[in-house]
Amino acid sequence: MVLDGYIRVSSVRGREGESFISPSVQRDQIEAWATAHGIGIGEVHEELDESGARKLRPLLLSAIERIEAGQSDGIVVSKLDRFGRSLIDGLANIERIDAAGGTFVSVSDGLDIATPTGKLILRIMLSMAEWELDRIRANWDIARSRALARGVHLAIPPLGYTRGPERRLVIDPDVAPVIAELFRRRAGGASYRELAEYLERSGVPTVRGGRCFAPKTIAQILHSRVYLGEVRNGRHLNPRAHCAIVDLATWQDAQRPTMARANSTDSYLRGVLRCASCGLAMRSHSGVSTDNRTQTYQCPGYTSAGRCPAPSRVPAEELEPLLEEFAMRAARRSSPSHTASLIAKCESAVDDAIADVERYRDSPRLHETLGGDRYLSGLVKRQTTLEERAVRLAAVRRSSPPVDGVADKDLEAEWPQMTVTARRQVLGRFIECAYVEPGDSGVVDRVKICGPGDVPIDIPSPGRPIGRLRPFVPASTKTAKLKPTKRWATSRVEQELRDYLAGRDKLPSYTDFSRNGRARLHHQMMLWGGPYHWAPRFEVQLDRRPVHWNEERVYGALLPVLERRSSWPSSREFGAAGLGCVRAAVMRHGGIEKWAKIFGVSPGHTGITVWTPERIEADLREFAAERETCPSPPDFFNSNRGSLYEAICRTGGHQKWKRHLARPA
């Protein structure tokens, strides 16, 4: 008979002594028993750092499979608890051995399953082994609980702390200020890579003595609550175990920086806009990469948590001026006394929440009265309230100081001279995030603004696992609505455009306006005539990029056209004035009858030629005969062919007819 030996050690960790049954001791006992009984030993399976409560142990399963394959006659162990500490799993493995015709021997226990008595004793001893494991776990749990109550930190001391008396953490005076600054920089929008470089420049070593920090390590530092003075192990928590390096408000602020970083050519709304359908941060997208001339913000659409059910999208030139106007109105209403009062109110609310958590947690009778589950639920609820109030306090503190020494009353005048970073800081004082709903309605109706501290607590944060999509529920938090921008006086629009366009020979794109702090001026230009009105007036070349028309812009473009008129202009008049695109936009947004009624003018003669596909093709071929490419929209109207252009739009659009005529774009 040949038996396989099985040796197991739960955890080595450098242990030794009488209480430690080393692998060599187990091997000697197995070999001595085999020699005394004249039994050969086949393979010896030695598993180290393997719990006896684990069901799937690779080497144990390998030994059993050898019995089932006829390569071994059974298994011998030095002691039964080496085989396992779970009654159900141990019996299941014994039954596999018995079914395969094998035997099982425990040397120290004198146990052999070949007899009924042996099987009975086996069950009793496995039950005792499982009971002993439960007792060890319970004792360890009690030991951990008592250690945490004394403030003991059971793991390696993190950066900023050293091990003090009674194994409690004490602040490292050299490293702690660096860690505190790390949290402040993250709250200000610094990336993990920038923070890693900051630690390396500061000469701070890692906990293992290294000199390089990976972004993942920085994330672990920033997400650790040990810097709040907490020690936690499993379900045990001591929130006042040692001195904190950062306060709760700063820690919360570092978990969710309000704005992503931006360079001079990027939009300062990245990280601020959120898709209302899924909660994800919207990304800036440029349709023309050479000049960023058709910039939009759009939902990424999908992530590891799933696809967005209805991705949001909004043009930058429609949204950015409105958010700037919102921030400036808020700045005009703010005052230092009001801000100081709000900070004091938030600090008082945080103190009350801390006191509530401590009273509830430290009450000796609540746990007995409510039971474990209800008690824990109540504690979680109070802790959540505390964190929400801390987030509010952090946001209010962040929004309190003026930006770069610019007083609130001077913001509008200083805005064009401010850097992109400074403008982002201004918006961050009053807009922590803005949710954009999907759809084609106006921007004013689709955007909901969350002020400092009003952002939902479960908003997906940059650099953290998303887990699940979180649609925005307006009732879950306090929000503000955008308001339509008040029109400036035409004299102001004209004067500011004259100053901005001085020395230019081409009308800049919206992106150029925005980078120079003139997004609101561009918006007002669109409300008072648009580029087709102002470019000829200042003798600058018109950008051929098509205007993103909406009803507000159509109205603005028609204002100078219909000024002091009693009847609607003809197609020829639109073309002669270079406003063919305006007339086309009118036709796409309700038609002549609608806009004539809005402006109170007579629609005049609106008879429309009946355009058949055959007539469209014939007229288009004739019009394009002398051209290498298909005509542009202004070409149609400037040549008094506006009705042909409108017919093309109604019957499939430009691309269809370009393909039909096989002409290049």
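Fewest-first ordering of S202, S566 by other beta carbons within 10 Å of each residue's beta carbon gives S566, S202. Sorting the segments 378-385, 486-493 by their residues' average number of neighbouring beta-carbon atoms within 10 angstrom, most packed first, yields 378-385, 486-493. Taking a threshold of 20 Å on the Cα-Cα distance, which of the pairs K486/K594; K409/K486; K345/K478 fall above it? Among K486/K594; K409/K486; K345/K478, the Cα-Cα distance tops 20 Å for K486/K594. Ordering R365, R470, R615 by the number of other Cβ atoms within 10 Å of each residue's own Cβ, fewest first, gives R365, R615, R470. Taking label points 7 Å from Cα along the Cα-to-Cβ direction, S377 and E197 give a separation of 5.0 nm. Taking the Kirkwood radius as Rh and the Cα radius of gyration as Rg, the stretch 566-654 has a ratio of Rg/Rh equal to 0.98. Within the stretch 508-603, the trypsin sites (Lys or Arg not before Pro) that combine a DSSP coil assignment with at most 16 other C-beta atoms in a 10 angstrom radius are R544, R564, R565. What FRET efficiency, computed as 1/(1 + (r/R0)^6) with R0 = 25 Å and r the Cβ-Cβ distance, is obtained for F538 and E414, rounded to the nearest 0.05? So the FRET efficiency works out to roughly 0.50.
Exposure proxy for V350, V207, V443: other Cβ atoms within 10 Å of each Cβ, ordered fewest to most, give V207, V443, V350. Mind checking the stretch 502-570 for GluC sites (Glu not before Pro) that DSSP puts in a loop (not H, G, I, E or B) and that have at most 14 other Cβ atoms within 10 Å? Here the sparse-neighbourhood loop sites are E539, E563.
The largest-to-smallest principal axis extents of the Cα set in the stretch 161-246 are 34, 23, 20 Å.
Scaling the Cα radius of gyration of the stretch 490-548 by the globular reference 2.2 N^0.38 Å produces a ratio of 0.99.
One chain, two ends: R572 and L48. Fully extended at 0.36 nm per residue, the span grows by 179.5 nm beyond their Cα-Cα distance.
Classify the stretch 407-542 as rounded, prolate or oblate, taking a ≥ b ≥ c as the square roots of the eigenvalues of its Cα gyration tensor: rounded when a/c is under 1.5, otherwise prolate if a/b is larger than b/c and oblate if not. Cα axes put the stretch 407-542 in the prolate bin. When the trypsin sites (Lys or Arg not before Pro) in the stretch 181-214 are filtered for DSSP coil states and for at most 13 other beta-carbon atoms within 10 Å of their beta-carbon, the remaining sites are R208, R211. Taking amide hydrogens as placed 1.01 Å from N in the peptide plane, the amide H of G74 sits under 5 Å from those of D4, T103, each at least 5 positions away in sequence or on another chain.
Coordinate-derived values only; no laboratory data. Since the model is a prediction, treat every value here as computed from it, not as a measurement. Every residue, glycine as well, gets a Cβ built from its backbone with ideal geometry; the counts of neighbours run over all protein chains shown.
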